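The values are calculated or read from the model by the stated rules, or taken from the named source; none is laboratory data. This one's a predicted model, so the numbers in the text were calculated from it and none came from an experiment. All Cβ positions, glycine included, derive from the backbone under ideal geometry; neighbour counts span all protein chains shown.
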Amino acid sequence: MTFSTVTFQKNAIDQIEALDTSISQTQNQLSSGTMLPNAAANPVGMTEVNELNAQLSASQQYVTNGNSATANLQLEESALTSATNLLQSAQTLATQANSGSLNSSDLQDIGTQLEQQLQQLTDVANSTDTNGQYLFSGQASNTQPFAQSGNTVTYSGSDTVDQIEIGPNQFISAGDTGSSVFMNVPTGNGTFTTAAAAGNTGSGTDPSAWVPGTYTITFTSPTQYEITDTTTGNPVQLGTDGSGNPVYTANYTSGDGISFDGIQVTISGTPATGDQFTVAPAGKTSAFSTLSNLVTALNSTSLTSAQRTTQIEGALQQLDNAVNQLNDVQASVGARINAVTTAQSSASSQQTTLQTSISQLSDTDYAAATTQLSTEEIALQAAEQSYASIAKLSLFSYL
């Protein structure tokens, strides 16, 4: 096998150029701090790094989403606390009004205070975030949710809220709608409600137990009553006589429970002849209408003392329901804030792992690169010296 001078030169030059390219790449790794300046340097490694970067970006977005959700939920939590304080203050005023020792002027003064609290509650329900977005408008965050006309408050917000992704397939509600917080407060005990007829003249009131249907309790005298199933119009059997015949009238003793068809109702006070009480499945009312109705009762000049007492005690029950509803929403808000905190802790741990993996694939190992550069420079120097020596060799040197 023979090699020409041209072949020797070409091989030597190729080796020198390859070493020169390697040195340039190593110097670039040292100056840039990365082993993957472009896809051509390591296509497989670059693909893996890109996949890891995509996961890192998604994890960072979850944290950003969580921060935004937490900020809004904390503002909502503050608003709910203010609303709760207002309703509890209203409870105190209603209890004061129900003492029986106040004259009409005193009651109207309390009514005026309650009107102011109604306005304050509406203002709280129209709270906004730092960007002017309404907290309780749901997805219609640019729309003021509540409008007050006189003592009537209406809701114009959305009934749905945005769902924020705070982790892989993990979503939370970024807020609560005004309808779910303030408008849909259960009446009665949440399952049923009772109400006294407007024309009652006695002092009886009617907190009660569980109710499966709709009934009217009518006092035929202060010590006797009868019950009608208002759905069918039929009287309710209250027992049997000595001969086994059905009885539709029962004796009443103040403080005793009235039981029928699985229902137990307790009437406190002294009902009068003709007084009626209705028992029906629970519906929904708003915290605003509860305050408004209470103001109307306190300002009324046509209600008897007994009728006003009945309405105040009904309002007290509804205020209690509204406070409980706010407490439930606030507990939900707290749980969502905790969920964000947990998700962000997980995301932070994941980001550390991802960044470590990306670094291992792409970051320059300065110690190894420095050693490699030194080795490549020595090899280049040797190659150049060898080429220079071979280049001087010629048959003419021996003639």
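So is THR304 surrounded by 12 or more Cβ atoms within 10 Å (Cβ to Cβ) and either farther than 29 Å from ALA90 by Cα or acidic (Asp, Glu) (or both) or not? It is false that THR304 is surrounded by 12 or more Cβ atoms within 10 Å (Cβ to Cβ) and either farther than 29 Å from ALA90 by Cα or acidic (Asp, Glu) (or both). Taking the listed residues THR296, THR290, THR285, the one that is surrounded by fewer than 17 Cβ atoms within 10 Å (Cβ to Cβ), under 25 Å from THR216 (Cβ atoms) and among the hydroxyl-bearing types (Ser, Thr, Tyr) is THR296, with no other qualifying. Counting just the residues of the range 260-274 that are assigned to a loop (DSSP other than H, G, I, E, B) and polar (S, T, N, Q), which one comes out farthest from ALA306 (Cα to Cα)? Restricting to residues being assigned to a loop (DSSP other than H, G, I, E, B) and polar (S, T, N, Q), the top hit is THR273. Residues of the range 222-259 being in contact with a strand residue (DSSP E or B) (Cβ under 9 Å, 6 or more places away or on another chain) and assigned to a loop (DSSP other than H, G, I, E, B), which ones? If the condition is that a residue be in contact with a strand residue (DSSP E or B) (Cβ under 9 Å, 6 or more places away or on another chain) and assigned to a loop (DSSP other than H, G, I, E, B), then THR223, THR230, THR231, VAL236, GLN237, LEU238, ASP241, TYR248, TYR252, SER254, GLY255, ASP256 are the ones that fit. Of the numbered criteria (1) modelled with pLDDT of 85 or more; (2) of a type outside the set (D, E, K, R); (3) over 30 Å from GLN116 (Cα atoms), the one SER300 fails is (3). For GLN276, the requirement of being under 26 Å from ALA97 (Cα atoms), at pLDDT below 90 and either assigned by TED's automatic domain parsing to the domain that holds GLU77 or more than 30 Å from the chain's Cα centre (by Cα) (or both) is met.
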